[in-house]
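The values are calculated or read from the model by the stated rules, or taken from the named source; none is laboratory data. Computed from a prediction, not measured in an experiment: that's the story for all the values here. Here the Cβ positions follow ideal geometry from the backbone for every residue, glycine too, while neighbour counts run over all protein chains shown. Heavy atoms of the whole protein, side chains included, go into the accessibility calculation; ligands, DNA and RNA do not. Shrake-Rupley method; radii C 1.70, N 1.55, O 1.52, S 1.80 Å.
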Protein chains: 2
Amino acid sequence: MSTTLKFTVLLLALGFCRGLLDNYIDEEETEAPDAQASKFGSLWPLPQKVQISEVSFKLTSSSFKIVDAKESSAGPSCSLLQDAYRRYYEYMFGSTKKLGLSKSRRTGPSELTELQVWITSPDSECDDYPSVTSDESYELSVDLPFAVLKAPKVWGALHGLETFSQLLYEDEYGAKSVNATTISDFPRFAHRGILLDSSRHFLPIKVILANLETMAMNKFNVFHWHIVDDQSFPYLSRTFPQLSQQGAYHPYTHVYTPADVKMVIEFARLRGIRVIPEFDTPGHTQSWGKGQKDLLTPCYSGSKPSGTFGPINPILNTTYDFMNQFFKEISTVFPDAYVHLGGDEVDFTCWRSNPDIQLQQTGIILHPKVCFSFIVKLLDIVTTTNKGYMIWQEVFDNGVKLKPDTVVHVWIGGGSNEEMEKVTAAGYTTILSAPWYLDLISYAQDWQKYYKVEPLNFNGTEEQKKLVIGGEACLWGEYVDATNLTPRLWPRASAVAERLWSAKDVTDINDAFNRLSMHRCRMVERGIPAEPLFSSYCPREYKGI
Amino acid sequence: MSTTLKFTVLLLALGFCRGLLDNYIDEEETEAPDAQASKFGSLWPLPQKVQISEVSFKLTSSSFKIVDAKESSAGPSCSLLQDAYRRYYEYMFGSTKKLGLSKSRRTGPSELTELQVWITSPDSECDDYPSVTSDESYELSVDLPFAVLKAPKVWGALHGLETFSQLLYEDEYGAKSVNATTISDFPRFAHRGILLDSSRHFLPIKVILANLETMAMNKFNVFHWHIVDDQSFPYLSRTFPQLSQQGAYHPYTHVYTPADVKMVIEFARLRGIRVIPEFDTPGHTQSWGKGQKDLLTPCYSGSKPSGTFGPINPILNTTYDFMNQFFKEISTVFPDAYVHLGGDEVDFTCWRSNPDIQLQQTGIILHPKVCFSFIVKLLDIVTTTNKGYMIWQEVFDNGVKLKPDTVVHVWIGGGSNEEMEKVTAAGYTTILSAPWYLDLISYAQDWQKYYKVEPLNFNGTEEQKKLVIGGEACLWGEYVDATNLTPRLWPRASAVAERLWSAKDVTDINDAFNRLSMHRCRMVERGIPAEPLFSSYCPREYKGI
């Protein structure tokens, strides 16, 4: 009855006393990688250099402390680190601290009592926002008399704290232990993102925060917030409040207020995560039209307006006035140096139907003349706000002139190798999402497919490869909301996390299975409903339903 | 960027200024059925006969009561009903009762203040367990001065309460209303089940109870508990405690104690749900072998035992002694008249390797001689416990003689028409699961596929069709645990619920989409993380993550 066997229908139909099934159970077994412990324990994503000795130390919740090193450039005033210390203490001892021993108890000779966190650069960047050029490296040494985490900036320290917490394990009596370890670590790619879509379904703030939390556990550093789209406009704009008043699913219960947005950004910053909002135009904008008169193109049926509307109207000056004001607001609300401008999947039917919009011929196809010019004007507008921009690949494909620092987002085609080649040959920075559309679910262990992707597997020079700054796992929202988002995203996105962080040669699928299984149970223990990889159990199962 | 469009990769690659995308957005739209209100509101599954008038009444949490009708054969001592009244009051007013009006407030002229529940048969069956022959019919009349729910037995009353709660809606001020309505209802099929698998992953009791709760909201009446399998043996047997002590994932945290099992059975009974446990043999029993010496067949490598074990050892008398005692316990622990004995997917490699097990030839294939005889003996043993049995189709396919009341469970082949024809032609009762393997997930709205199944769509006489007593949606556990089970099951299983309950001609997919969308939001409002059908929102989104 095991469903993996379902596909062998014809043979099975011959029945249970005919002995034809012999090989199918084996088949199922080989599908699951070996469930042996990895020599790297539960580390995920795997650090660049790891040395774990067999010497182990105990840790107790009553004695163990995470403290600033004396030499650190970040002290008690760096609340980003102080918050992180508390958070990781809770992760490490949360489930056992009620049993905490008395504070006066003497520590044993092989007990580790301190992790010192040492920010080595004069500017810790404690109060800054992370950026694509942030230094995320760190070095971790676990030994007596104390463990030391050295990082030039707070961003590396955050990653190092996560790594340290991943080194802990429980002995058979539930006592926490850690082995003497030396780690030197940095990300392979600078841009490691998750796209969530709050338009197809509204995502309550609680869900977004829980996923930012989980992103930090996986060393992701970009939250690509696909905040609005055709279906709804939950972003409450101070300049144009009618956009959400009319365009959200509900003007009060299904919007993100300025305070909500601020909270998401700060929650993310405290975890070293950038928040890049996407305001996709000129297509994907049906919901914009509800609260902003004349913004969308009136579609025609023959010689008369049909009453429906198409993409943003590119021939009115008011459109550009609106865009100017709107993106001015966006540039102040979102601190990141980049904003994602979309530019994908424009439906021309309506533009073509409108007699005021002229057509022009390219090759054999007629298309609206205004197509390029809308995007060109929008890019100019956004440039005046001092933001860089990301765009979906179509904008590049169609030869729009882009600023040199533009990030081209490749999403079409599971392989996507040719597109990566073209974009980088043109000298543009790029990120990859094409093979990582996590909303496209299928039976069994699809994380392996995501894991096996090699982003630099395209023809190109070393210079071209350097232009690939990372990638994003995308969880589009058509079939996802608060009820199923988190288990659908994790640990499938964790596969992408390791691909973007760890060294290129970290490709052993069995080792990955073993570490990821433990990493998934750790996420579960931390309250995140990360779904199972295969038949198995966690020592502490998820407490929700 | 919408992922539905991902499949049109080649065309999209030609880019956004070429106008080739015109039709794809439309395609996406047609994929989603019309989002218009159904004339049947949010009723799910659709009752057999419904008449809803336009006259509406208000209900308030402070005035409305569910009471026993004076003539009812079930009174205050029927705690099944009293519990149900409280549960449905909470469902109906849970989210608004804090605003409850003062009790002394006069009710308005068009306010409905009472639902009278009238059990019409002298024996209400209040303290019984439901069975395959239980009368589940009811009649509901909503009108002034009070609504009346008539049912021969409590089982129909439970369904009627659910239906009544589904008739409520909120006006724009959040006030609860119900229209004057007449409903006459009964299930098309008597056996409407959900299979959950607590062996591949342990399912905490909380998860099982939440899903029983949701089953009742969908008028399912059988919980097929695939409680043990190769991977783990979480059933704590009083007679053979070593089975779970050694065979569970963990002997304390990952077992079902007798008290747990009792609680599940009673929780289910109170909702009109039968609990049918499956103890699958002779295959799928690896976990049994850990705590029961000599139960499994030693496999041989050449002339020596290899150290691994195969299916249950069919040639030892101790095996049958064990089975005797074990199923005696099962027959007392589980009150249902049926137990599921499995009998599927037996791997013969090991039996063949064992020199003590003789082979016999059928056609061109050698198979163990003991194969039939094990099953035959097991069926005899179970018969002595006065239980009926269900078995997977292979047992029937291979010509084992079965008791006339045996239920043959058809699971192989998505269509399964021929098997249904064969089983019923042989005069056996059958249930269908083949098209309803809900663990086989895929992108987009697969509920429609489940919904479109017609169980009687096979060649056969009227007599044969009557032998089809229902079906089960199966959620096998390889990729499912507490983290993702509930949203993966609902509302996909709801599609099966309507197919098994409603009249054969209830097949309008648009109407189903609209009712099911509302039904899913109702489940969410009741705290169940039922996933969305498509881009949309619920007035009250899920509060968890």
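If only residues of the range A:243-294 that are under 25 Å from residue A:214 (Cβ atoms) and among the polar types (S, T, N, Q) are counted, the one that is farthest from the other protein chains (Cβ to nearest Cβ) is A:257. Residue A:512 passes every criterion in (1) assigned to a helix (DSSP H, G or I); (2) within 14 Å of another protein chain (Cβ to nearest Cβ); (3) in contact (Cβ under 8 Å) with a residue 60 or more places away in the chain apart from (2).
Does residue A:460 count as in contact (Cβ under 8 Å) with a residue 40 or more places away in the chain and closer than 22 Å to residue A:159 by Cβ? In short, no.
Does residue A:444 qualify as being farther than 26 Å from residue A:205 by Cα, within 8 Å of chain B (Cβ to nearest Cβ) and of a type outside the set (Lys, Arg)? Spelling it out, residue A:444 is indeed farther than 26 Å from residue A:205 by Cα, within 8 Å of chain B (Cβ to nearest Cβ) and of a type outside the set (Lys, Arg).
Checking A:429, A:461, A:385 one by one, the residue that is of a type in the set (Val, Ile, Thr) and within 22 Å of the chain's Cα centre (by Cα) is A:429 and no other. For residue B:185, the conditions (1) closer than 30 Å to residue B:282 by Cα; (2) of a type in the set (Asp, Glu); (3) open to solvent by less than 10 Å² (accessible area, probe 1.4 Å) all hold with the exception of (1).
If I filter the range B:339-361 for residues that are of a type in the set (Phe, Trp, Tyr), farther than 26 Å from residue B:431 by Cα and in the same structural domain as residue B:458 (by the TED database), do I get at least one hit? Checking the range B:339-361: at least one residue is of a type in the set (Phe, Trp, Tyr), farther than 26 Å from residue B:431 by Cα and in the same structural domain as residue B:458 (by the TED database).
Consider residue A:430 carefully, then state whether it is of a type in the set (Ser, Thr, Tyr), more than 13 Å from chain B (Cβ to nearest Cβ) and assigned to a helix (DSSP H, G or I). In short, no.
In the range A:365-391, the residues that are more than 18 Å from residue A:312 (Cβ to Cβ) and free of Cβ contacts under 8 Å to residues at least 24 places away in the same chain reach residues that are among the aromatic types (Phe, Trp, Tyr) and in a strand (DSSP E or B) with C-beta atoms within less than 9 angstrom, at least six apart or across chains, in these pairs: A:383/A:389.
The set of residues from the range A:188-212 being facing chain B (nearest Cβ under 9 Å) and open to solvent by 10 Å² or more (accessible area, probe 1.4 Å) comprises A:202, A:204, A:206, A:209, A:210.
Just so you know, in the range B:281-304 the residues that are within 21 Å of residue B:394 (Cβ to Cβ) and assigned to a helix (DSSP H, G or I) include one that is most open to solvent (accessible area, probe 1.4 Å), and it is B:286.
Residues in the range B:281-310 that are in contact with a helix residue (DSSP H, G or I) (Cβ under 7 Å, 6 or more places away or on another chain), over 17 Å from residue B:379 (Cα atoms) and not polar (S, T, N, Q): B:288, B:290, B:291, B:294, B:295, B:296, B:299, B:300, B:309, B:310. Only a single criterion out of (1) part of a loop (DSSP other than H, G, I, E, B); (2) modelled with pLDDT of 95 or more; (3) open to solvent by 20 Å² or more (accessible area, probe 1.4 Å) is not satisfied by residue B:449, namely (1).
Taken across the range A:421-442, residues that are closer than 22 Å to residue B:480 by Cβ and touching a residue at least 60 places away in the same chain (Cβ under 8 Å) do not occur at all.
The single condition among (1) within 28 Å of the chain's Cα centre (by Cα); (2) within 14 Å of chain A (Cβ to nearest Cβ); (3) not acidic (Asp, Glu) that residue B:367 does not meet is (1).
Here residue B:394 fulfils each of the conditions (1) of a type in the set (Asp, Glu); (2) touching a helix residue (DSSP H, G or I) at 6+ places or on another chain (Cβ under 9 Å); (3) not in a helix (DSSP H, G or I) apart from (3).
Considering (1) in contact with a helix residue (DSSP H, G or I) (Cβ under 8 Å, 6 or more places away or on another chain); (2) farther than 30 Å from residue A:222 by Cα, the lone condition that residue A:316 does not fulfil carries the number (1). Name the pairs whose Cβ atoms lie under 6 Å apart, with the first residue in the range A:299-318 and touching a residue at least 12 places away in the same chain (Cβ under 8 Å) and assigned by the TED database to the domain that holds residue A:371, the second in a strand (DSSP E or B) and open to solvent by 60 Å² or more (accessible area, probe 1.4 Å), and 6 or more positions between them or separate chains? From the range A:299-318, the pairs are A:299/A:308. Taking the criterion of being open to solvent by 10 Å² or more (accessible area, probe 1.4 Å), outside any helix (DSSP H, G or I) and within 14 Å of chain A (Cβ to nearest Cβ), the only residue of the range B:452-491 that qualifies is B:479. Looking at A:536, A:494, which is the one that is in a loop (DSSP other than H, G, I, E, B) and either within 30 Å of residue A:406 (Cα to Cα) or within 12 Å of chain B (Cβ to nearest Cβ) (or both)? Matching residue, one of A:536, A:494: A:536. The residue that is surrounded by the most Cβ atoms within 10 Å (Cβ to Cβ), among those in the range A:395-413 that are under 17 Å from residue A:474 (Cα atoms) and within 13 Å of chain B (Cβ to nearest Cβ), is A:409.
Inspection of the range A:422-437 identifies at least one residue that is in contact with a Gly (Cβ under 9 Å, 6 or more places away or on another chain), over 30 Å from residue A:516 (Cβ atoms), open to solvent by 50 Å² or more (accessible area, probe 1.4 Å) and assigned by the TED database to the domain that holds residue A:274.
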